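Some notes on the structure that comes next.
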Amino acid sequence: MNSISSDVKRLLNASVHLLNQPIAKGCVKNATSSITFIFGMIDVYDIYQISRGREISTGTCLNSPKWIQVATKIVVVCAKTSLILSAGVSRPGVFIISSIFGRVFSTTQLERVFGPNTIFAINPWHPRHVISISALILALPSVVQSTYKGINWMYRKICHHQAMSKQDIHHWLIDFKIRLMALFNTITSRPTLHVGNQLGRFILHHF
């Protein structure tokens, strides 16, 4: 048991050390930010299609109770809003927004209103951090729904050996893309990575 614990601690220590290197951290942020920005653009296009008359697609059967249909639509809307907010605070999004605002306001004027654009520990109320946390909160209902659906699917497959009907598969795939993008953004968001980094450091220093 001690050997396993030592191996786990050694692996965790190496991972935390590697991910806190400026080059590794920069590569991870660039990769995840680019993917997050692409997800946001996909969602913007999807919203554009909805504005042209297409219904919001959900995996809820029309025979389900009305409150379930409404709740599912709310979860989808929250997830879609989260995708757009996440894209806005991604590195490509921040670059675009900063370029636009930089043509109207100076850096001094922006810092006078919002404070310095620095890390969360120094200025947690900067719009970039507030939007990041808001995007994470809006994505949580979708993450919970994804977890429930995943566990339910595994239970049906393992315990009952039931194949999903074509209708179930169709509905599952409708919401799956939105939930998967929201889950990715949640895992790779600044608040989640910050908490994960702090948790890793805490474990290494106390165990």
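Every number in this text was worked out from the coordinates using simple rules, so none of it is lab data. None of the values given here were measured: they were computed from a predicted structure.
Could you give each residue of the range 29-36 its phi-based ³J(HN,Hα) in whole Hz, using Karplus coefficients 6.51, -1.76, 1.60 with θ = phi - 60°, and x for Gly or Pro?
5, 5, 5, 5, 5, 5, 5, 4
May I ask you to evaluate 6.51 cos²θ - 1.76 cosθ + 1.60, the Karplus curve with θ = phi - 60°, for each residue of the range 106-115 and list the ³J(HN,Hα) values in order in whole Hz, giving x for glycine and proline?
7, 4, 5, 5, 5, 5, 5, 8, 9, x
Please compute the volume of the convex hull spanned by the alpha-carbon atoms of the range 2-206 and report it per residue in Å³. Write out the running numbers ahead of the final one.
Working: hull volume 36.4 nm³, N = 205.
Taking only Cα atoms, the range 2-206 has a hull volume of 178 Å³ per residue.
Could you give the length gained by full extension between Ile187 and Leu11, i.e. 0.36 nm per residue of separation minus their alpha carbon distance, to one decimal place? Could the numbers behind the result be given before it?
Details: separation 176, 0.36 × 176 = 63.36 nm, distance 2.01 nm.
So the extension gain works out to 61.3 nm.
Return the subset of Lys73/Lys149; Lys29/Lys149; Lys29/Lys73; Lys80/Lys157; Lys66/Lys149 for which the Cα-Cα distance in this structure is over 25 Å, preserving the input order.
Lys29/Lys149; Lys29/Lys73; Lys80/Lys157
Under the 0.36 nm per residue contour assumption, what length would be gained going from the current alpha-carbon distance of Ser51 and Ile23 to full extension?
Values: separation 28, 0.36 × 28 = 10.08 nm, distance 4.18 nm.
Difference between extended and current length: 5.9 nm.
Short version: ³J(HN,Hα) in whole Hz for each residue of the range 9-17, in order, from phi by Karplus 6.51 cos²θ - 1.76 cosθ + 1.60 (θ = phi - 60°), x for Gly and Pro, what are they?
Values per residue, Gly and Pro as x: 5, 5, 5, 5, 4, 5, 5, 4, 5 Hz.
How big is the C-alpha Rg of the range 9-51 next to the rule-of-thumb value 2.2 N^0.38 Å, as a ratio? Mind dumping the intermediate values first?
Working: Rg = 16.6 Å, N = 43, 2.2 N^0.38 = 9.2 Å.
Against the compact-globule rule of thumb, the ratio is 1.81.
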